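Colleague: Got a structure for you, questions after.
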Amino acid sequence: MVRALLLLIGILAMIALPASARDLNAIEASGTIKIATEGATPPFNYFKDGTLTGFDVDVGSAIAAKLGLKVEWITLPFDSLLVGLDQDRYDFVVAGHGITPEREKAVDFSNPYVCSGAAIVSKKGGAQTVADLSGKIVGVQVGTTYLEAVQKVPAVGEVKTFPKDTDALQNLLAGRTDVWVSDKLTAVDAIAKNNDAQLQIGDLLYQEKYGMAFKKGNTGLRDAVNAALTKILDDGTYADISDQYFGRDIRCP
């Protein structure tokens, strides 16, 4: 009985111990780095014919190549990505997370790898400015900085949340919302793919820098990724990837 009790205590103690994120040495020893993204936000990360692709995916893969590592991609809903990072389900996240003081309390960020902003998107003749949002039904993805921003706008009629950004877009197209607030670059891509919908991009609620997220304190890995990011920025790899998806270089000035 005593041995069984001691064994149980030992197991519970092991369960209670916080998991440790893999450091750079452990990742290099395995030969594979685990990167997470959403897989539902074109052109940043999405599935095409069953294959994960997009700007974030190509950038993450290029960084892994500079580190001499293979990539194992993991996809999760956007609002679960940072939670999974804290649970050590993968090594870092590339999914267009805006670098905010609140998020910096929970995770470490890479140097910014994209500069964009939160755009007001509507059908032709619809809202274009913050003032125009008064009384409007606004669709936005959960877990995003866009949601926080919209909730702070006075006199918005209703805020509808969706698990995916593409769901928020489809509800605008179907007329169930008046406005879609999303990443400006995502909106440009959506407009190009939905010519008949006569969508328009209005003002930005704010500008934003996106970073890759790492578990708090995993500075060795973050620094190695930053160094690899600098290399692909300098050698033209980043510019080529950016031009493929956006027709221009979207790095931060």
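The values are calculated or read from the model by the stated rules, or taken from the named source; none is laboratory data. If you're wondering where the values come from, they're calculated on a predicted model, not measured in any experiment. All Cβ positions, glycine included, derive from the backbone under ideal geometry; neighbour counts span all protein chains shown.
Colleague: For the stretch 225-241, check the following and say yes or no: at least one residue is among the basic types (Lys, Arg), within 22 Å of Gly60 (Cα to Cα) and in the same structural domain as Asp108 (by TED's automatic domain parsing).
Modeller: So far as the stretch 225-241 goes, yes, one or more of its residues are among the basic types (Lys, Arg), within 22 Å of Gly60 (Cα to Cα) and in the same structural domain as Asp108 (by TED's automatic domain parsing).
Colleague: Would you say Gln207 is touching a Gly at 6+ places or on another chain (Cβ under 9 Å), more than 22 Å from Val153 (Cβ to Cβ) and either in contact (Cβ under 8 Å) with a residue 40 or more places away in the chain or hydrophobic (A, V, I, L, M, F, W, C) (or both)?
Modeller: So Gln207 does not fit the description; no.
Colleague: Another question about this same structure. So, in the stretch 155-198, how many residues would count as being polar (S, T, N, Q) and crowded, with 18+ Cβ neighbours inside 10 Å?
Modeller: 3
Colleague: Which of the following residues is in a helix (DSSP H, G or I) and out of contact with any helix residue (DSSP H, G or I) (no Cβ under 9 Å at 6 or more places or on another chain): Asp196, Asp223?
Modeller: None of the other options fit; the residue is Asp196.
Colleague: Okay, moving on. If the requirement is being closer than 29 Å to Glu102 by Cα, touching a Gly at 6+ places or on another chain (Cβ under 9 Å) and modelled with pLDDT of 95 or more, which of these qualifies: Thr230, Thr219, Thr186?
Modeller: Every option except Thr186 fails the conditions.
Colleague: Go through (1) under 22 Å from Asp240 (Cβ atoms); (2) surrounded by fewer than 20 Cβ atoms within 10 Å (Cβ to Cβ); (3) among the charged types (D, E, K, R); (4) touching a residue at least 40 places away in the same chain (Cβ under 8 Å) for Lys48 and report which single condition fails.
Modeller: The failed condition is (4).
Colleague: Right, another one. Return the residue satisfying two criteria in turn: it lies in the stretch 75-103 and is over 13 Å from the mean Cα position of the chain (by Cα) and either within 19 Å of Leu24 (Cβ to Cβ) or modelled with pLDDT under 95 (or both), and of such residues it is surrounded by the most Cβ atoms within 10 Å (Cβ to Cβ).
Modeller: Across the stretch 75-103, the extreme among qualifying residues is Asp91.
Colleague: In the stretch 67-101, what count of residues is obtained for those that are of a type in the set (Asp, Glu), assigned to a helix (DSSP H, G or I) and touching a Phe, Trp or Tyr at 6+ places or on another chain (Cβ under 9 Å)?
Modeller: So the count comes out to 0.
Colleague: Looking only at residues in the stretch 117-144 that are under 18 Å from Leu81 (Cβ atoms) and surrounded by 20 or more Cβ atoms within 10 Å (Cβ to Cβ), which one is farthest from the chain's Cα centre (by Cα)?
Modeller: Among them, the one singled out is Val140.
Colleague: Let me ask you something else. Could you tell me whether Val225 is within 22 Å of Gly117 (Cα to Cα), surrounded by 13 or more Cβ atoms within 10 Å (Cβ to Cβ) and not charged (D, E, K, R)?
Modeller: Details: within 22 Å of Gly117 (Cα to Cα): no; surrounded by 13 or more Cβ atoms within 10 Å (Cβ to Cβ): yes; not charged (D, E, K, R): yes.
So Val225 fails the test.
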